[in-house]
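The structure under discussion is supplied below as structure tokens; questions concerning it will follow.
Quick note: the coordinates plus some simple rules give every number you see, no bench work behind them. Here the structure is a predicted model, which means the values were calculated and not measured. All Cβ positions, glycine included, derive from the backbone under ideal geometry; neighbour counts span all protein chains shown.
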């Protein structure tokens with residue numbers, strides 16, 4: 001195998017999910033992606049996305065695919081709840097927060113739901129996690145709970161309450177963090193009675 005093909009495979013190994021632009025950025029020929037796929041050395045996930053065939057599969061692979069294609073997006077709401085294991089619901093869409101004026105990414109698969117945020121609501125509480133070698137940006141537990149209350153008309157108050165109970169009972173966050181993100185998301189008054197209830201339980 002050519003040295004260039006080996007370089008592409010090494011790049012796929014280090015990144016987990018390889019984008020066409022990753023190959024372009026190191027001045028390697030794109031045509032090798034097709035030949036490596038034909039030979040079974042690479043697996044095509046979708047348009048412009050490749051991985052190694054022996055890469056360990058994860059239930060979060062769809063999150064990794066979306067994160068790889070959206071540099072400024074952050075997993076939010078149902079997807080963040082699933083990521084942090086705070087809900088029993090399993091929506092098929094990947095929920096992605098993007099800056100208010102940013103262009104929405106377009107995907108053939110997986111299906112995505114875009115949520116626009118701005119200011120501190122977009123930048124605070126962002127964590128980066130490794131999913132099969134891909135770097136995934138996701139809102140942390142406290143921010144996700146606050147988001148659920150902010151977008152309760154989209155996802156349902158019952159989902160927000162479940163997230164709060166799971167996060168609090170599982171000691172996944174603190175009251176201080178919950179209050180801080182409630183204020184950032186401007187839902188402190190909405191969340192106050194529920195926070196007081198779980199704190200007193």
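How would you classify the range 98-201 from its alpha-carbon gyration tensor, with a ≥ b ≥ c the square roots of the eigenvalues: rounded for a/c under 1.5, else prolate if a/b is greater than b/c, otherwise oblate?
On the way: a/c = 1.89, a/b = 1.60, b/c = 1.18.
Verdict is prolate for the range 98-201.
Now for a different question. I need 108, 24, 61, 147 ordered by Cβ neighbour count within 10 Å, fewest first. List each step's numbers first, then the result.
Numbers: 108 7, 24 11, 61 19, 147 29.
By the 10 Å Cβ count, ascending: 108, 24, 61, 147.
So how far apart, in nm, are the two label points at residue 106 and residue 183 if each is 7 Å from Cα heading toward Cβ?
4.2 nm
Kirkwood Rh over Cα pairs of the chain into Stokes-Einstein at 20 °C, 1.002 mPa s: D in µm²/s?
118 µm²/s
Alpha carbon centre of the range 91-149 versus the range 150-201: separation in Å?
Measuring centre to centre over Cα atoms gives 18 Å.
Here's a follow-up. For the pair residue 44 and residue 158, what calculated FRET efficiency results from E = 1/(1 + (r/R0)^6), where r is the Cβ-Cβ distance and R0 = 45 Å, to the nearest 0.05? Please list the in-between numbers first.
Working: r = 39 Å, r/R0 = 0.87.
Working from the Cβ atoms, E equals 0.70.
Normalised radius of gyration for the range 3-51, please: alpha carbon Rg relative to 2.2 N^0.38 Å, two decimal places.
Values: Rg = 9.2 Å, N = 49, 2.2 N^0.38 = 9.7 Å.
Compared with the compact-globule rule of thumb, the range 3-51 sits at 0.95.
Next question, about the same structure. Starting from the Cα-Cα distance between residue 123 and residue 92, subtract it from 0.36 nm times their residue separation and give me the gain in nm to one decimal.
Values: separation 31, 0.36 × 31 = 11.16 nm, distance 2.53 nm.
Taking residue 123 through residue 92 to full extension adds about 8.6 nm, to one decimal.
Please tell me the relative contact order of the chain in percent, rounded to the nearest whole number, where contacts are Cα pairs under 8 Å and at least six residues apart.
On the way: 281 pairs, mean separation 34.8, N = 201.
17 percent.
On to the next question. What number, rounded to the nearest 500 deg cm²/dmol, is the helix-based mean residue ellipticity at 222 nm of the chain, given -39500 (n - 2.57) per DSSP H run of at least four residues and division by all its residues? If you can, show how the numbers build up before the last one.
Details: 11 runs with 97 residues, N = 201.
The per-residue figure over the chain is -13500 deg cm²/dmol.
May I pose another question? Would you mind ranking 83, 139 so that the residue whose beta carbon has the fewest other beta carbons within 10 Å leads the list? Present the calculation step by step, with values, prior to reporting the outcome.
Values: 83 21, 139 28.
The order, fewest Cβ neighbours first, is 83, 139.
Between residue 19 and residue 192, take the C-beta separation as r, use R0 = 35 Å, and let me know the FRET efficiency to the nearest 0.05.
Values: r = 44 Å, r/R0 = 1.25.
The computed FRET efficiency comes out at 0.20.
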